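To keep things clear, I will list the structure first and then write my remarks on it.
Laboratory data are not the source of any read-out in this text; all were calculated from the coordinates shown. Worth saying up front: this structure is predicted, and the values here are computed from it rather than measured. For neighbour counting, all protein chains shown are included, and Cβ atoms are generated from backbone atoms with ideal geometry for every residue, glycine included.
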Amino acid sequence: MHLVLLIVTLSVALSVRLMWNPVADGWSQRWNRTLGAFLFSPLLVGVSAIAILWMGPKGQMVRWWEGWGSYGVAIGFLGIGFVLAIQLGSDALRSARRVQQLPQQDLGGTAARLLDQSAPFVAQIGFWNPELVISQGLLETLEPGHLEVVLRHEEAHAYYRDTFWFFWLGWLRRLTAWLPQTDALWQELLMLRELRADRWAAQRGDPLLLAEALLSVVSASQMESDQLCAAFSSAVVKNRLAERIDALLDPSEPLPETNSGSWLWLLLVVLPLAIVPFHA
């Protein structure tokens with residue numbers, strides 16, 4: 001039973017990932033389809049590992065070689081996930097402590113940490129309550145109007161708790177890097193995250209100013225990984241600048257929203273737990 005569950009789970013997880021392809025639909029559809037495809041396979045594998053661990057290595061329909069073998073695979077997968085979460089959490093804590101050591105500055109009512117470097121950089125860095133980090137180079141590069149819309153962009157990341165949610169998405173990304181199209185899905189999610197923040201800022205300011213500001217910081221290097229921060233220049237280095245500029249200049253596209261009805265199919269990931277009561 002355990003071996004059959006493991007084989008079926010991996011087959012379904014691989015199939016779902018192989019069937020995913022980027023679509024040119026509206027942002028809401030892209031967001032829901034991409035996030036669903038990213039989450040389904042890791043969650044299915046994780047729930048199956050929990051089910052195998054719950055049932056134990058022995059049973060009437062379990063041979064010793066498949067019982068202990070699949071049991072070991074389940075323990076190994078969950079153990080690696082736990083260790084990886086501790087490691088990433090420690091990295092996040094160190095980043096937060098470094099940010100807290102930076103001097104604070106008030107930017108027209110917005111509190112920020114000032115980074116003493118010449119390269120333009122601005123990002124939300126942290127976990128549930130991130131802090132805005134901005135470089136001296138960006139303050140010297142942008143005019144007040146451009147800076148204002150950039151701050152609204154970063155405000156959107158704080159509002160949507162992007163640093164918190166993408167921490168866990170990044171954890172799943174590393175844990176299941178062996179699944180097909182993991183990196184493609186991750187890059188698509190980063191792009192959609194930035195498009196959402198761009199639209200938020202454009203609705204509260206001049207989208208043309210935001211596009212000009214984006215062009216000004218396109219050459220900025222990443223100071224932190226996308227795992228732990230939401231930077232204004234995220235996804236720009238992935239040659240997706242034109243898409244962000246076009247989206248800013250198209251006011252007809254609404255903010256992407258998560259449709260709860262479209263997530264019902266994710267309940268399929270709990271199906272492996274349904275066989276636990278039948279295990280003896």
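Some observations on this one:
- Under the combined filter of DSSP loop state and at most 10 neighbouring Cβ atoms within 10 Å, region 122-223 retains these chymotrypsin sites (Phe, Trp or Tyr not before Pro): Trp128, Trp178.
- In plain terms, the chain from Ala274 to Gln87 could stretch by 64.1 nm, reckoned as 0.36 nm per residue minus the Cα-Cα distance.
- Fraction of antiparallel bridges per DSSP, region 88-139 only, in percent to nearest 5: 75 percent
- Lys, Arg +1 and Asp, Glu -1 on Cβ, resulting dipole of region 109-201 about Cα centre, debye, nearest 20: 420 debye
- Debye intensity ratio I(q)/I(0), log10, region 134-189, q values 0.18 Å⁻¹ (C-alpha model): -0.75
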